[in-house]
Amino acid sequence: MNDLIVHQVDVTHFRLVELSKLADQAKPFYDWVEKIAKKVTGSHRELSEILMLTGREDLTAIVNGCYQEVEEKRPLLFDGIGRVYPHNKACFFFFAWMIRDAPQQRLAPLISRMIQIEKIDKLVAETDTLVELILEYRSYVKSFSWLTVREVIIDRLEGSRRSIKGHHLESSVRTAIITAFQNYFSIYSNYGKYKKIDIAESQIKIGNHTVDVSVKLTPLDNSLPESLLIPIKTRETEGGGHSHIFTRDIMAAVKELKEDESKYYIVAVIVALNWSISELENINNQIDKVYHFNVNPNKFIGFDDASQIDLNRYIQGILNND
């Protein structure tokens, strides 16, 4: 992405680009809700029309259908730095966002009061609240179309990003990984040979090695979980021995992981100007993939289209067991 210069001043809106990419990954969740709504109502209409016209009984069934979906058919929903919400929270947040409410700041305390006063189940309190909010205020919001909801999601993600202290590079790489998994889900409505995808919220430690972004993959056949590991390396200057040190660390980590019984997929992401070509080749010979972005880390806003498509295909291969 090029800098946007106006009267010699950089007005580039990097955050909008990042948040837009992340918001677009909520589209499979939206489409999934639409499928449930069509199954419940038997309607051929789009989700927005269904929610505008449906009565209390069917609305309740739609919301419950989302909460109760089997694990391997659940899409993912994320906060502003790409961390996955637990499924029940994702359903609650998504419907609250659709009716333009604030699930954490406003609704969560009210739900807690309901549970305390009437001794009811949390799921019942959340479902009843969401249904009544939609029935009462849908004539005011006027639309539940994807483009309208997308704008709301961008706003909510920006709010959550401001409240979360996270690493910029990790967030960008996590967004790319999310995009790849959600791209697969949007096509197949599942995660291939896996019933569950868990994207770690922060760095993890394996032996003596720290991994910046990781994904735990739980197979449908209940065999041992597998892992996708993504170490990230950045460099703001154009010189130094960073590339050799990083290559050495990667090789040491790979050697240690090969002695483990678990199955690992390893992808490295390097964001640095003029990284050594020979070191890139050395790393690439040891692991599945290397993505090198020849840019200053301060100006990195995520995977470009070509790199994202390549990552999508790589993830598809893992999920299809190719």
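The values are calculated or read from the model by the stated rules, or taken from the named source; none is laboratory data. Every value quoted in this text rests on a predicted model; they were computed, and no experiment measured them. A quick note on method: Cβ atoms are made from the backbone with ideal geometry, for glycine too, and the neighbour counts reach across all protein chains shown.
Taken together, the residues in segment 13-34 that are crowded, with 16+ Cβ neighbours inside 10 Å and free of Cβ contacts under 8 Å to residues at least 40 places away in the same chain amount to 1.
Inspect segment 251-258 for any residue being part of a helix (DSSP H, G or I), out of contact with any Cys (no Cβ under 7 Å at 6 or more places or on another chain), more than 25 Å from residue 271 (Cα to Cα) and at pLDDT below 85 and give the result as yes or no. Taking every residue of segment 251-258 in turn, at least one turns out to be part of a helix (DSSP H, G or I), out of contact with any Cys (no Cβ under 7 Å at 6 or more places or on another chain), more than 25 Å from residue 271 (Cα to Cα) and at pLDDT below 85.
Conditions (1) within 24 Å of residue 141 (Cα to Cα); (2) aromatic (Phe, Trp, Tyr); (3) at pLDDT 95 or above, marked per residue:
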site: 62; (1), (2), (3): yes, no, yes
site: 69; (1), (2), (3): no, no, no
site: 74; (1), (2), (3): no, no, no
site: 78; (1), (2), (3): yes, yes, no
site: 81; (1), (2), (3): no, no, no
site: 92; (1), (2), (3): yes, yes, yes
site: 95; (1), (2), (3): yes, yes, yes
site: 99; (1), (2), (3): yes, no, yes
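For segment 104-125, a tally of residues being modelled with pLDDT under 95 and within 17 Å of residue 135 (Cα to Cα) returns 0. Can you go through 232, 270, 266 and tell me which one is at pLDDT 85 or above, surrounded by 13 or more Cβ atoms within 10 Å (Cβ to Cβ), within 16 Å of residue 169 (Cα to Cα) and touching an Asp or Glu at 6+ places or on another chain (Cβ under 7 Å)? None of the other options fit; the residue is 232. Exactly one residue out of 206, 199, 187 is without any contact (Cβ under 8 Å) to a residue 12 or more places away in the chain and surrounded by fewer than 19 Cβ atoms within 10 Å (Cβ to Cβ): that is 187.
Rundown of residues vs (1) over 15 Å from the mean Cα position of the chain (by Cα); (2) more than 23 Å from residue 37 (Cα to Cα), yes/no style:
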position	(1), (2)
81	no, yes
84	no, yes
96	yes, no
120	yes, yes
140	yes, no
144	yes, no
148	yes, no
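The set of residues in segment 276-322 that are in a helix (DSSP H, G or I), modelled with pLDDT under 95, surrounded by 13 or more Cβ atoms within 10 Å (Cβ to Cβ) and acidic (Asp, Glu) contains only 279.
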